[in-house]
1. Within segment B:1-54, how many residues turn out to be without any contact (Cβ under 8 Å) to a residue 40 or more places away in the chain, closer than 19 Å to A:Leu127 by Cβ and more than 14 Å from every other protein chain (Cβ to nearest Cβ)?
2. Run B:Leu50 past the list (1) buried (at least 18 other Cβ atoms within 10 Å of the Cβ); (2) within 22 Å of the chain's Cα centre (by Cα); (3) not in a loop (DSSP other than H, G, I, E, B) and report the number of the one that doesn't hold.
3. Only residues that are surrounded by fewer than 24 Cβ atoms within 10 Å (Cβ to Cβ) and among the polar types (S, T, N, Q): list them for segment A:84-105, please.
4. From the list B:Val108, B:Val160, pick out the single residue that is open to solvent by 10 Å² or more (accessible area, probe 1.4 Å) and of a type in the set (A, V, I, L, M, F, W, C).
5. Of all residues in segment A:13-39, which are open to solvent by 30 Å² or more (accessible area, probe 1.4 Å) and under 30 Å from A:Ile115 (Cβ atoms)?
6. Give all pairs with beta carbons closer than 6 Å in which a residue from segment B:224-246 that is touching a residue at least 24 places away in the same chain (Cβ under 8 Å) meets a residue that is surrounded by 14 or more Cβ atoms within 10 Å (Cβ to Cβ) and in a helix (DSSP H, G or I); count only pairs at least 6 apart in sequence or on separate chains.
7. Which of the residues belonging to segment A:119-177 are of a type outside the set (A, V, I, L, M, F, W, C), more than 9 Å from chain B (Cβ to nearest Cβ) and not in a helix (DSSP H, G or I)?
8. What number of residues within segment A:1-24 satisfy the criterion of being closer than 30 Å to A:Thr93 by Cβ and touching a helix residue (DSSP H, G or I) at 6+ places or on another chain (Cβ under 8 Å)?
Amino acid sequence: MGILNVDYMLGLIPVLLGYLPLTLQLAGTGMVLALILACLFAVVRVLRIPVLNQLTIVFISFFRGTPLLVQLFLFYYGLPQLVSALTVIDGITATIMGLTMHFSAYMAESIRAAIVGVDRSQTEAALSIGMTNGQMMRRIVLPQATRVALPTLMNYFIDMIKATSLAFTLGVTELMGATQKEAAGSFLYFEAFIVAAVIYWIVVEMLSKLQHYLEVRLNKAYSR
Amino acid sequence: MIKLESLSKQFGDTVVLDGIDLAIEKGEIVVIIGPSGTGKSTLLRCINFLEQPTAGTMTVGDLTVDVNRASRAEILSMRRRTAFVFQNYALFANKTALQNIAERLLVVDKWPKEKAYKRAREILQQIGLADKADAYPAAMSGGQQQRVGIGRAMATGAEVILFDEPTSSLDPEWVEEVLGLMKQLASERQTMMVVTHEMSFARDVADRVIFIDGGRIVEQGPPSEIFYHPQDPRTKDFLKKILATNPV
């Protein structure tokens, strides 16, 4: 066992950083779409909207109950076989679809819990001044629920960033895919993957800082 | 201008309101008293449709609804004609004092921002909290929160403000400032229905005192009659008990 090839590692950093934007694009797009979907699911569940509620329950059950990798393969390899129009789905699209649906299922549950946790006096006050249910949700309930749900949602976002590494199994050359290729070429597996690991780690640490900043901001209304 | 006819409310098998008939004039100050658990709060909550009444009809201003057949739009319209002041203040925790008051104008009445905040500032001035415009509820005392709660109700421009034990959650030191604001509103002839145990407020401010027991109106009249010449034995009994601990 030789010592680490530090020069190789230093040289690899800018190469791998070049693939970080794609990783962040996958996670960022996935997160935004998953949040929108999760909010819709949560509202459907809280208001118990008939039919949609049952469909949502099945959806959440499936996407929480099966591995993300299986879902990605289903979207990428499986769907085009059923629907020929979907053969145009590329790896990036399939990854975003998978991340969105997988994480929206988890996030819907934590948003739902946060919504249910908003004090009844808040919803009664909103109704008492004549708000519609929609206005009440948008202006009073969701902003308050966001504060409660934020730490968990940020955890899912962090998880999602790391989960983008599965995209390499669909042939997407993002951070993980690029590392894999570099390592296969140089046979310096340890060096290559430790550089990739550190890049993921730093990105996640920066997000933790962002989370802290957001929490302070959202707690402003609640401190004396 | 407010008329309730045989208004009833049941929770399961329990009858909480048993056919309330009541008419209230514009500008009238009505105080509702009675033992706890007899439907006083439920009556106010039904008028604001925070509870769905079981039967009866309700008129506020020019809108009359059969509570059983009230559509969503009618319920919304009823709510917008009535304003509610909660025992626990129930200010929007994510909004400042100013935003709490402006919320109705912005969201329901769709006023432009500038106009809504101008009106909200006027109200803050009236309730003596102009300096608290940007304070969040968590940073205000109970008395200040309840005054904002009243300000929020004032902003609705509703035909009647319903006060559900507005001072019961307050530390004693804050009770007077809230009652003072309510007296100020009463002197401006704001129509009010007040459920309270503050007997001196009832005696000094009310045009009419209503005694409710068992979900029914037992006795009503001007405070001088109810407090000094009650007719029904239940009224006498209640007053004897409450005045012993809470003299007027």
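The values are calculated or read from the model by the stated rules, or taken from the named source; none is laboratory data. Note that the structure is predicted; figures quoted are calculated from it, not measured. Cβ placement follows ideal geometry from the backbone for every residue including glycine, while neighbour counts extend to all protein chains displayed. Please note that ligands, DNA and RNA were not included when accessible areas were found on the heavy atoms of the full protein model with its side chains. Shrake-Rupley method; radii C 1.70, N 1.55, O 1.52, S 1.80 Å.
1. Result for segment B:1-54: 1.
2. The single condition B:Leu50 does not satisfy is (3).
3. A:Ser84, A:Thr87, A:Thr93, A:Thr100 - these are the residues of segment A:84-105 that are surrounded by fewer than 24 Cβ atoms within 10 Å (Cβ to Cβ) and among the polar types (S, T, N, Q).
4. B:Val108
5. Passing the criteria: A:Leu24, A:Gln25, A:Thr29, A:Val32, A:Leu33, A:Leu35, A:Ile36, A:Leu37, A:Cys39.
6. B:Phe227/B:Arg203; B:Asn246/B:Met199
7. Residues satisfying the conditions are A:Gly171, A:Thr173, A:Glu174.
8. Filtering segment A:1-24 for residues closer than 30 Å to A:Thr93 by Cβ gives A:12-24.
This time we only want the ones that are touching a helix residue (DSSP H, G or I) at 6+ places or on another chain (Cβ under 8 Å), so: A:12-13, A:15-20, A:22-24.
Of the residues in segment A:1-24, 11 are closer than 30 Å to A:Thr93 by Cβ and touching a helix residue (DSSP H, G or I) at 6+ places or on another chain (Cβ under 8 Å).
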